[in-house]
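J.: Just dropping this structure here.
Just so it is clear, none of the values below were taken in a lab; they were calculated from the coordinates. Note that the structure is predicted; figures quoted are calculated from it, not measured. Here the Cβ is made from the backbone with ideal geometry for all residues, glycine too, and neighbour counts use every protein chain on show.
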Amino acid sequence: MRLPLPQTRNLQPNHIAEVVATATTEFVAQCLEPDDLSFPLMPAFGSWVKSPQQENEGAITYGVVYHATTVPIDSVHRAVALGLSLNELREQQPQIFAMLKTEIKVVLLGFTAGDRVYQHLPAQPPQIHQAVYACDADEIVRFSEELYFLRTLTQMSSAPVDELVSAVLRDVYQIRKCDRPWLVEAGRKLGILLKDDYDRLGAILSQVHP
């Protein structure tokens, strides 16, 4: 039997998940259970999250969500179609919500320490059971002033890279209030990283919109 994660009440703002597996380049986090009978909020593909580094006070690790899944909490119980609406599930099968977990995989893009932003891997990834928070707009704008993080995204092998890059650029572009010069510079950077594969570059940028 799993130990339940803390519910969202009495937690800091934007606290959405907790690290349950960690590695040098990424981590897996389990989304926190809501107060009511509903499924945990699943962060959007390409959305930005952060996790404080407990061993280095003031340092924060940043990354983006590249995979999300909701599955049974163990390999014995398997989800089956019940033909019920969400409200009917709450009334007739409330135990369903305790038998499922929502997890996200996050690729690490860099970290901050004090007033400085570093767009390379931290010396250590977030530790097990560290909190994961959704980033606010100011943090994303600050981190995305430089575009070195695009290299990390384009070199991934465990994600749909082009779709992920498009989702990240689209998110940042909207948060930066449709900053056209920033998008043009991002396109130039991508052109270099993709070795002038203009068809691929065009497909990525075509998905970036207000």
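J.: Count the net charge of all other residues whose Cβ sits under 13 Å from the Cβ of GLU145, scoring Lys and Arg as +1 and Asp and Glu as -1. Don't skip to the end; give the middle numbers.
T.: Values: positive: ARG116, ARG142, ARG176, LYS189; negative: ASP115, ASP138, GLU139, GLU146, ASP179, GLU185.
That sum, taken over residues with Cβ under 13 Å, equals -2.
J.: Still on this model: Excluding same-chain residues fewer than 8 positions from LYS177, which lysines have a Cα within less than 25 Å of its Cα?
T.: List returned: LYS50, LYS189.
J.: Can you run phi through the Karplus equation (6.51, -1.76, 1.60; θ = phi - 60°) for segment 103-114 and list ³J(HN,Hα) in whole Hz, with x for Gly and Pro?
T.: Here the 3J(HN,Hα) series is 10, 10, 10, 10, 8, 7, 10, x, 7, 10, 9, x Hz.
J.: Please list, ordered by chain and number, the residues whose modelled amide H lies under 5 Å from the amide H of ILE16; skip anything fewer than 5 residues away on the same chain.
T.: Amide H to amide H, under 5 Å and 5 or more residues apart or across chains, ILE16 pairs with VAL132, TYR133, ALA134.
J.: In nm, to one decimal, how far is the ASP115 label point from the GLN155 one, both placed 7 Å along Cα→Cβ?
T.: Going from the ASP115 label point to the GLN155 one covers 3.0 nm.
J.: Now, a different point. Can you tell me the relative contact order of segment 144-210? Whole percent, Cα pairs under 8 Å, sequence separation 6 or more. Mind dumping the intermediate values first?
T.: Details: 49 pairs, mean separation 26.7, N = 67.
Once divided by the residue count of segment 144-210, the mean separation gives 40 percent.
J.: Which of the following values of Cα extents along the principal axes in Å was calculated from the structure shown: [x] 55, 41, 30; [y] 57, 44, 35; [z] 54, 32, 26?
T.: Matching the structure shown: [x].
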